[in-house]
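First the structure, in the form of structure tokens, and then the observations on it.
The values are calculated or read from the model by the stated rules, or taken from the named source; none is laboratory data. From a predicted model like this one, the values you see are computed outputs, not experimental measurements. Don't worry about glycine lacking a Cβ; one is built from the backbone with ideal geometry, like all the others, and counts go over all protein chains shown.
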Amino acid sequence: AVLILLGPPGAGKGTQARMLQEKYGLVQLSTGDLLRAAVAAGTEAGKQAKAVMDAGGLVSDEIVIAILKDRMNDADCKNGVILDGFPRTTVQAKALDALLASTGQRINAAISLQVNDEAMVERISGRSTCAGCGEGYHDTFKPPLPGDTCAKCGSAELTRRADDRAETVASRLEAYHAQTEPLITYYGDAGVLQTVDAMEEINRVATQMSSVVETVL
Ligand code: AP5
Ligand code: ZN
């Protein structure tokens, strides 16, 4: 199965992808996480990606498609994936179509998480992530345990992303509207688009996600 999560920065793609991964045994594949790992590892792709990510732009299709293909080849992805943050351009969407055609897979659903721009800024500015297990938190909406401890793995090391500053968030939102939002029409035309109201609280969004997923799996 292949599920695509579409939505602006801060919509809750990562939060929902992790919940779906646990519930349905699909693998969350986040190009943002893969790129941050490449930056941390200092690979050639990571070096090129870093400046673009810090500025809130989109990394080149070439780099992102290569990283995505590489990860899709791993054995754990064969049962099904949740694409979180990919595709983000029409070029990427077409590359994904070609890749899936070659492996005999299909897109079960492209789920659009709808939020307004103000909520997005509030969500991103309160976000932190567990360095131990990758669980996501929010200062107000999903606080960690006292002492900034992860409720899942007990690690006390929560980090904030370099691109979550207010100035960068504005550029990320601009990139979303200009380059990624057209994919809503792309997947509508392909007959796989589903829409979720992502303004609701996390568990209510998760309930909507599950009802979509159960109709398409
Ligand atoms: P990426 O890592 O994909 O970031 P993003 O798309 O900007 O999305 P976020 O991770 O910021 O948000 P999210 O929707 O996952 O929200 P989350 O669940 O964390 O990309 C980063 C960069 O990498 C890009 O800018 C680009 O440079 C590059 N990149 C990545 N993929 C690329 C591609 N395909 N092509 C080119 N470049 C690429 O939630 C946010 C916060 O809100 C959390 O604190 C959470 O706890 C909270 N929250 C979640 N849901 C709710 C809710 N319903 N109510 C209240 N709070 C909530
Ligand atoms: Zn943790």
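Does GLY42 satisfy being modelled with pLDDT of 95 or more, on the phi > 0 side of the Ramachandran plot and surrounded by fewer than 19 Cβ atoms within 10 Å (Cβ to Cβ)? Taking the combined requirement at face value, the residue satisfies it.
The C-beta contact set for the stretch 139-156 (first residue in contact (Cβ under 8 Å) with a residue 24 or more places away in the chain, second residue within 10 Å of ligand 2 (Cβ to nearest atom) and not hydrophobic (A, V, I, L, M, F, W, C), distance under 6 angstrom, 6+ apart or interchain) comprises SER155/GLY132.
Screening the stretch 96-146 for residues that are out of contact with any His (no Cβ under 8 Å at 6 or more places or on another chain) and hydroxyl-bearing (Ser, Thr, Tyr) and picking the one that is nearest to PHE86 (Cα to Cα) gives SER112. Within the stretch 73-95, restricting attention to residues that are surrounded by fewer than 20 Cβ atoms within 10 Å (Cβ to Cβ) and among the aliphatic types (A, V, I, L, M), the residue that is modelled with the lowest pLDDT is ALA75. In the stretch 33-57, the residues that are touching a residue at least 12 places away in the same chain (Cβ under 8 Å) form Cβ pairs under 8 Å with partners that are of a type in the set (S, T, N, Q) and in a loop (DSSP other than H, G, I, E, B), at six or more places apart or across chains, as follows: GLN48/SER60. Just name the residue that is farthest from ligand 2 (Cβ to nearest atom) out of those in the stretch 11-51 that are polar (S, T, N, Q) and part of a helix (DSSP H, G or I). Checked the stretch 11-51; the qualifying residue farthest from ligand 2 (Cβ to nearest atom) is GLN48. Going by the conditions given, is ALA162 outside any helix (DSSP H, G or I), of a type outside the set (S, T, N, Q) and within 19 Å of the chain's Cα centre (by Cα)? Criteria met by ALA162. Residues that are more than 17 Å from the chain's Cα centre (by Cα), in a helix (DSSP H, G or I) and hydrophobic (A, V, I, L, M, F, W, C) within the stretch 171-217 comprise ALA178, VAL212, VAL216, listed in sequence order. Considering the stretch 177-203, and only residues there that are of a type outside the set (A, V, I, L, M, F, W, C) and under 23 Å from THR140 (Cβ atoms), the residue that is farthest from ligand 2 (Cβ to nearest atom) turns out to be ASP197.
Applying the criterion of being touching a residue at least 40 places away in the same chain (Cβ under 8 Å) and assigned to a loop (DSSP other than H, G, I, E, B) to the residues of the stretch 108-137, the residue that is farthest from GLN28 (Cα to Cα) is ASN116. Per the listing THR149, THR168, the residue uniquely more than 18 Å from the chain's Cα centre (by Cα) and either under 19 Å from ARG18 (Cβ atoms) or modelled with pLDDT under 95 (or both) is THR149. If you go through the stretch 125-170 and keep only what is more than 8 Å from ligand 1 (Cβ to nearest atom) and of a type in the set (Gly, Ala, Ser), you end up with SER125, ALA131, GLY132, GLY134, GLY147, ALA151, GLY154, SER155, ALA156, ALA162, ALA166, ALA170.
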